[in-house]
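The values are calculated or read from the model by the stated rules, or taken from the named source; none is laboratory data. The structure presented is a predicted model; accordingly, all values stated were derived computationally and were not measured. Note: ideal-geometry Cβ built from the backbone for every residue, glycine included; neighbour counts use all protein chains shown.
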Amino acid sequence: MKLFIFLMLISQNEGCIICHSEVKNEYTKSIHYKEKVKCDACHGGDLNAIDIKKAHHDGFIGKPKRKEIIKICSKCHSSPKIMKSYGIPFDQEILYYTSEHGEAFKRGNEEVALCTDCHGHHEILSSFDNNSRTNILNLPRTCGVCHSDFNMMKKYNISSDVVLEYNLGIHAQKLREGNTNSPTCKDCHGTHGATPAGIGEIEKVCGKCHIKTREYFLKSKHAEFWKELGYGECEICHENHYVKKASHKLWKEKCLLCHSKDSKNYKIAEEIYTLFITTQMEILKTEEIIEDLKKIPVSVEDFLGRIEEAKTYLLEAGPVSHSLKLEEIKSFAIKSKSIAQEVQREGIRRKKLFESRKLFLPFLWLFILFTISLIIYIRKR
Amino acid sequence: MLSFNKFFPLKKYFLEILILINFLFEALTGFFMLFYYIPSMGKGYESTLFIIRDVAFGYYFFNMHLWGANFLLFFSILEIVKIFYYKLYENNKFLWVFTFLFLLFLFFEYFTGILLPMENNLYWKVERVMEIIRDIPILNFIYSFFFGNFLINEFVHIRFYIFHSLIIPFLSIVILILIFLKFERENVHNFYFFDIFIIFTIFLGILLTLSILFPFKHVEIYNPFKTPPKVYLPLFILPVYFLKIYMPKTLFGLFILLAILLIFILPWIDKSKPLPLHKRKISLIISLIVLITILITGIFGFYRQ
């Protein structure tokens, strides 16, 4: 038996797997295996021993208890010397203890998420790997293991619908479409230092990506006033997890939450809504004309560039509208509208020019008749 | 009052001259477009748009080529009806065979031509016609021999292009010469240049008018994953399409093959007297039944497409 183990050790250079073959599949796929991090790094013991007793002897941990996990991982992951060469941050442990998860763990709650709950045990993959639990595309599902568990979340008075809501929102939709810049859980809550964003912070969190929108929002009357009142910022109109695609309808629906229909402020909101809708209608009308011209077909390449310009101005008006300054919004909307109308006029002119070919027809037939008459006349003579 | 005959002595060969002029129109407009068309699936659509929009008179050449193709098919069908009606194949059996062959070439020319602009509606028309060819034995073998398979890809596209612009026109010219040689033996004389000029001018006028009033609409570039809500097939395909839908596959294939064969050998099996059709009673009854069947299946095919 010992000779057999010895031979296996020489051939495989992997002592534990001879007996613990059930983990071989998972372990050999992991990033640790690729980087030659052996079993003893986490489980202790002697890798090269050919005797089971000796193998389980030298500082052997076996299956770590939950409270030991962070300590075991941080042996390497908090060491700048080891992590530096991989380019991996070594402050995860410190960050973890600043998080809600870490705080609770410090209080003795072992149910909270630990390293292995998100990264896995033996099958830890690089987060750049599409199969990794911590890959951007899989992150909502990984967080959802606990945060969608109704019974677990009920204990902490947290909603268990957050992942479902996120999955219905525009951010998840964009992520599914392949836009890896679209935010997932970690982009708003952080990774190891995961904490929910509080009042006065939401606008900063959203503003990481929606930079211009935040700039204009901070200029608005809402920014200060809502903070004083203790209202959430962006989420009041756009929700937090179930973030819908921004639509002009929000001006009609959301403003009514605070302002009455007869109020002066609601009138401004209605005016902004009308401005957006009419501009969008003009753009749609122009696009229809362009499509019509394309079918004829009339050259429309220059129009395509112009209509994109009009759309960009309208798109820019979106963030600007967060300042609630009508004149500022108007300047963008009018630019967009005037370009659309200009393209419309030019398009109609080109269509008319094309249709003017019809005027040529009577002359053509007059010419044909004349020719035939001439031939008949010559014949007759 | 002057009679039409006096001013138009070529009345007897009016249709043949019309076909010749039409063929010439197609050849000229097609030749013109050859200079600008890029035979590739990706560039086909763009280069067609380029011809129509940016090339001088390209719009007229393209639309006249399209309308002319329909007219040429129509006139050729009329021609074969004329030969059958007057039983011109009595002493000249190969006149019939060559004319029918010419008609088949035109069908094929039409079929290969509608793929070239790479427009979505036209692309799906080709797909539908391909489905029909696939079910006809021998024809499907000939088709796959030349085109490889019943898919439309870059290789098939270039073969369509070569057949449309080189091989079939060449074969059609040969056949046309043979047909006209057959006519020559019947002492065609009095070649009136002015008469032909009149037909030419009127035909040009008609094609130009149609091109201006009813140009072809380029909806979008071909998309194999986007079938248009309705694919309008060429009218002459409709009866065959109707039969394809409602007949078992094998029976349909054999029926069409048999019909083609029967038309080919018609001069040898038609033993009636060399009189106009209205005086050949049995032929009249049979042809009326065939005509009505074609019309009815055509109408049903139109609503079923």
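Tabulated values for the structure
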| quantity | calculated |
| --- | --- |
| From the options A:Lys53, A:Lys63, A:Lys67, A:Lys34, residue that is under 30 Å from A:His101 (Cβ atoms), surrounded by fewer than 13 Cβ atoms within 10 Å (Cβ to Cβ) and over 36 Å from the mean Cα position of the chain (by Cα) | A:Lys63 |
| Any hit, the stretch A:196-214, residues being part of a loop (DSSP other than H, G, I, E, B) and either in contact with a Cys (Cβ under 7 Å, 6 or more places away or on another chain) or among the acidic types (Asp, Glu) (or both) | yes |
| Lone unmet requirement of (1) more than 8 Å from chain B (Cβ to nearest Cβ); (2) more than 60 Å from the chain's Cα centre (by Cα) for A:Lys335 | (2) |
| Matching residues, the stretch B:51-69, being touching a residue at least 60 places away in the same chain (Cβ under 8 Å) and closer than 23 Å to B:Leu176 by Cα | B:Met64, B:Leu66, B:Trp67, B:Gly68 |
| Verdict on B:Gly42 being touching a helix residue (DSSP H, G or I) at 6+ places or on another chain (Cβ under 7 Å), away from chain A (no Cβ under 14 Å) and not acidic (Asp, Glu) | no |
| Of all residues making up the stretch A:347-372, the number that are at pLDDT 90 or above and among the polar types (S, T, N, Q) | 1 |
| Near pairs, Cβ below 6 angstrom, 6+ apart or cross-chain, from the stretch A:285-303 (over 18 Å from B:Ser211 (Cα atoms)) to any residue that is among the β-branched types (Val, Ile, Thr) and assigned to a helix (DSSP H, G or I) | A:Thr286/A:Ile307; A:Thr286/A:Val343; A:Val300/A:Ile290; A:Phe303/A:Ile290; A:Phe303/A:Val343 |
| Some residue of the stretch B:144-155 being within 29 Å of B:Tyr45 (Cα to Cα), in contact (Cβ under 8 Å) with a residue 40 or more places away in the chain and part of a helix (DSSP H, G or I) | yes |
| Index of the failed condition, A:His222 passing every other in (1) in a helix (DSSP H, G or I); (2) under 24 Å from the mean Cα position of the chain (by Cα); (3) surrounded by 15 or more Cβ atoms within 10 Å (Cβ to Cβ); (4) modelled with pLDDT of 85 or more | (2) |
| Condition check for A:Glu342: assigned to a helix (DSSP H, G or I), closer than 19 Å to A:Glu287 by Cα, under 38 Å from the mean Cα position of the chain (by Cα) and more than 10 Å from every other protein chain (Cβ to nearest Cβ) | yes |
| One residue from A:Lys351, A:Lys380 being more than 10 Å from every other protein chain (Cβ to nearest Cβ) and either surrounded by fewer than 17 Cβ atoms within 10 Å (Cβ to Cβ) or closer than 30 Å to A:Ile272 by Cβ (or both) | A:Lys351 |
| Filter pass, A:Thr213 being touching a residue at least 60 places away in the same chain (Cβ under 8 Å), over 17 Å from A:Gly347 (Cβ atoms) and either in contact with a Ser or Thr (Cβ under 6 Å, 6 or more places away or on another chain) or crowded, with 18+ Cβ neighbours inside 10 Å (or both) | yes |
| Given (1) more than 25 Å from B:Phe94 (Cβ to Cβ); (2) free of Cβ contacts under 8 Å to residues at least 12 places away in the same chain; (3) more than 14 Å from chain A (Cβ to nearest Cβ), number of the condition B:Asn223 does not satisfy | (2) |
| Residue within the stretch A:304-311 that is within 14 Å of chain B (Cβ to nearest Cβ) and either part of a helix (DSSP H, G or I) or surrounded by fewer than 17 Cβ atoms within 10 Å (Cβ to Cβ) (or both) present | yes |
| Candidates A:Ile268, A:Ile289, A:Ile296, A:Ile277, filtered to the one that is within 14 Å of chain B (Cβ to nearest Cβ) and either of a type in the set (A, V, I, L, M) or surrounded by 15 or more Cβ atoms within 10 Å (Cβ to Cβ) (or both) | A:Ile296 |
| Out of A:Ile375, A:Ile368, sole residue that is within 14 Å of chain B (Cβ to nearest Cβ), closer than 28 Å to B:Tyr59 by Cβ and in contact with a helix residue (DSSP H, G or I) (Cβ under 7 Å, 6 or more places away or on another chain) | A:Ile368 |
